[in-house]
Amino acid sequence: MSISVQTLSGVGDQVAQLLARLSIHDVSDLLFHLPRGYEDRSRIVAMSELKVGQSALIEGVVQSVEPLSAARGSRTSLLVQISDGERRMTLRFFQVYPGLKEKMQVGRLLRAFGEVRMGARGLEISHPDIQVVSVGAPLPPSRLTAIYPTTEGLSQTKLRSLVDQVINKSQVELTELLPVSVIPHNGYSLRQALREVHQPANVADTEALMSYRHPAQIRLIFEELVAHQASLLSRRYYMQIKPAPGVAQSQILAPQLLAQLPFKPTRAQIRVSDEIRQDLQQSKPMLRLVQGDVGSGKTLVAALAACHLLEAGWQVALVAPTEILAEQHFINFSHWFEPLGIQIAWLAGKQKGKARLIAEADVATGAAQLVIGTHALFQDSVQFYKLGLVIIDEQHRFGVDQRLALREKGAAGMSPHQLVMTATPIPRTLTMSVYGDLDTSVIDELPPGRTSITTVAVPFERREEVIARISANCGQGKQAYWVCTLVEESETLDAKAAEATYEELSTRLPHLKIGLVHGRMKSDEKQQVMQAFKKNELHLLIATTVIEVGVDVPNASLMIIENAERLGLSQLHQLRGRVGRGSTASFCVLMYKSPLSENGVERLSTLRNSTDGFVIAEKDLELRGPGEILGTRQTGLLGFRLVQLQRDQHLLPEAQKIAAKMLKHHPIESEKLMTRWLPSAPRYARV
Ligand code: ADP
Ligand code: MG
């Protein structure tokens, strides 16, 4: 039974609207609006231990009281200096209410509670809660106060009072949804756990609660993880309702393709290709994620997968997030498949008019067996004749809705197989929580003969030396990239920066042939420059991060990245992966603007010390969090209430197991569990 929040005292239309912004409509939603932290008023913190941003209780003796007249108008504020014998800090009152001045007398002992900020005179607290005390006055009994995520206009006190009205209401339905066998996990029922988390008992284990290790919290964190896993798995079931074409192993194309190559596949490429082949033999859609470090050879694995479908008469689509990457694939696949008699179509957003119509017609009639392109492939006007396999490169740039759209492009009553490839490794925690609906294969080996890359970080002040180095290196026939990054996600500004650098270096290094490529150029212009660089007709390529993925020029051995401190580790690793592909020793220069933040120092040194994409990805997760790594498209999935992935990852495997069991044996409870924790996530019907 649902009970509207309007039934609570103190909730009229206005408050109800504010609550709705937090997705709280029903009183039980209020119970699942969980604290993001706690205030601890049971402990006095020494001023020397205070951290900016912390809400803390301090105690000290008033040293001075200074009324401050506001610049205009008559209102005054009050600045109070207090000292705990070791340090001093400021209490700032913007409103001098009656009685305040009487309390604030030099020599009085005060307790003040509030959020610590850095002010002009050092640490300060603005309008703290204050209490005049005598020396050694007892502290209140140990009790933490919840701090809730909130919205403008809705105070913590209000939220607390609303939760307080609901928490003890027995009419509020709180059904246990987890199977009985997993609930006793630690002895807390759902109601007990919620009560403890919202209003910790006086005797609560403060430390455990503050660090979210309290059994009541773990009980809820686990339930939330199960709900998320159930949601991912139900998506998987949904993707697999319709059958896919089960095809036999390629007898002709795959061996021919391998025979043409100047190299042998690595053991890892063979192993992953076998895993894919086994999936493709089933009449259930494959849902597989292939992870591999930069340069591990994912493209060949994708091509081998395509062979099985193509040989059985099905179409294969390959989608890439940028035109440059899609073009690289188009060139590679044309090179590999045209000699084998396979027709390839190209579909990109900028393609218009007749060329587009012809491409779409070839896709619709089946004249083109292999279709390569960008987002354009998702459009309604693109109808396939007999689509059997979709390969998505660099999955994190796409959303789940796009994978769902491609599912609809299969032949009547069928779904295509899905092969999803990442550009860089993703930490295991994130794989399980974002791609939990996919099986995973890892290419954990690089092709032989790769040269090592030496990475150095240099401050912007040494730019001249870097230019001299390019001049010398390129003079000896080596090739180099210079990547300009101004502001992430702003291709326009980046393009301007690249143009300026191009002008500058062209003038200063007249003996070098220099090219420019950025995302705002026409696609044939881009392609011409890329081809010229690939053919070694250019020494130096000035680029934006458009060259981040897929670009493969083995002779390039020097990579300069400007403003490296602004980019994420995985992105830097990806850019660095453009060199070290040939036989010459390679260098990567990370140029930064000083001073570097602590985090910046740690990031650049991680990159200097490791070239292992998996190690780097874990570090990136630690330093920047999941949202930054996966991009906004995927983070919608990570709207956790209590869960924090790095902290709670040890619970994931078990949560996944329970979720699978629940979906199978308790579909109704699973559904309710997902509604409880993920009210706004899409639901996938199972029929
Ligand atoms: P990524 O995994 O980053 O997509 P690519 O598929 O682009 O890597 O492969 C990187 C380079 O390695 C390409 O030039 C490719 O031809 C080459 N390559 C792939 N597999 C092998 C192999 N087994 N032996 C040698 N070179 C390989
Ligand atoms: Mg690739």
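The values are calculated or read from the model by the stated rules, or taken from the named source; none is laboratory data. Since we're looking at a predicted model, the values are computed, not measured. Heads up, the Cβs are rebuilt from the backbone with ideal geometry, glycines too, and the neighbour counts pull from every protein chain shown. What goes into the accessible areas is simple: the full protein's heavy atoms, side chains included, and nothing from ligands, DNA or RNA. Shrake-Rupley method; radii C 1.70, N 1.55, O 1.52, S 1.80 Å.
Restricting the search to strands (runs of 3 or more DSSP E) fully inside the range 315-383 and requiring at least 1 residues that are farther than 25 Å from Asp552 by Cβ gives 315-319. Annotation: of all residues in the range 432-443 being under 18 Å from Arg271 (Cβ atoms) and more than 16 Å from ligand 2 (Cβ to nearest atom), the one that is modelled with the lowest pLDDT is Leu438.
Of the helices (runs of 4 or more DSSP H) that lie entirely inside the range 144-254, those containing 1 or more residues that are closer than 21 Å to Ile658 by Cβ and either open to solvent by less than 20 Å² (accessible area, probe 1.4 Å) or in contact with a helix residue (DSSP H, G or I) (Cβ under 9 Å, 6 or more places away or on another chain) (or both) span 190-198, 215-239.
Figure legend. Inter-residue proximity from the range 643-658: first residues more than 16 Å from Leu34 (Cβ to Cβ), second residues assigned to a loop (DSSP other than H, G, I, E, B), beta-carbon distance below 6 Å, spacing 6+ or different chains. Indicated pairs: Ile658/Val182. The condition of being of a type outside the set (Val, Ile, Thr), touching a Ser or Thr at 6+ places or on another chain (Cβ under 7 Å) and closer than 30 Å to Leu642 by Cβ does not hold for Pro128. Here Ala359 passes the criteria (1) farther than 28 Å from Lys284 by Cβ; (2) more than 16 Å from ligand 2 (Cβ to nearest atom); (3) buried (at least 23 other Cβ atoms within 10 Å of the Cβ) except the one numbered (3). Within the range 290-323, the residues that satisfy the criterion of being within 13 Å of ligand 1 (Cβ to nearest atom), closer than 17 Å to Ile344 by Cα and either open to solvent by 20 Å² or more (accessible area, probe 1.4 Å) or not small (Gly, Ala, Ser) (or both) are Thr299, Leu300, Leu304, Leu318. When Glu537 is tested against (1) in contact (Cβ under 8 Å) with a residue 40 or more places away in the chain; (2) open to solvent by 10 Å² or more (accessible area, probe 1.4 Å), exactly one condition is not met: (1).
Within the range 97-135, being part of a strand (DSSP E or B) and free of Cβ contacts under 8 Å to residues at least 60 places away in the same chain holds for Leu109, Leu110, Ala112, Gly114, Gly119, Gly122, Glu124, Ser126, Asp129, Ile130, Gln131, Val132.
A count restricted to the range 509-527 and to residues that are open to solvent by less than 100 Å² (accessible area, probe 1.4 Å), under 16 Å from Ile470 (Cα atoms) and touching an Asp or Glu at 6+ places or on another chain (Cβ under 8 Å) stands at 1. Candidates in the range 262-289 are the residues that are loosely packed, with under 13 Cβ neighbours inside 10 Å and in contact (Cβ under 8 Å) with a residue 40 or more places away in the chain; of these, the one that is nearest to Phe614 (Cα to Cα) is Arg267.
Might you let me know whether the range 242-257 holds any residue that is more than 16 Å from ligand 2 (Cβ to nearest atom), at pLDDT 95 or above and touching a strand residue (DSSP E or B) at 6+ places or on another chain (Cβ under 6 Å)? Yes: the range 242-257 contains one or more residues that are more than 16 Å from ligand 2 (Cβ to nearest atom), at pLDDT 95 or above and touching a strand residue (DSSP E or B) at 6+ places or on another chain (Cβ under 6 Å).
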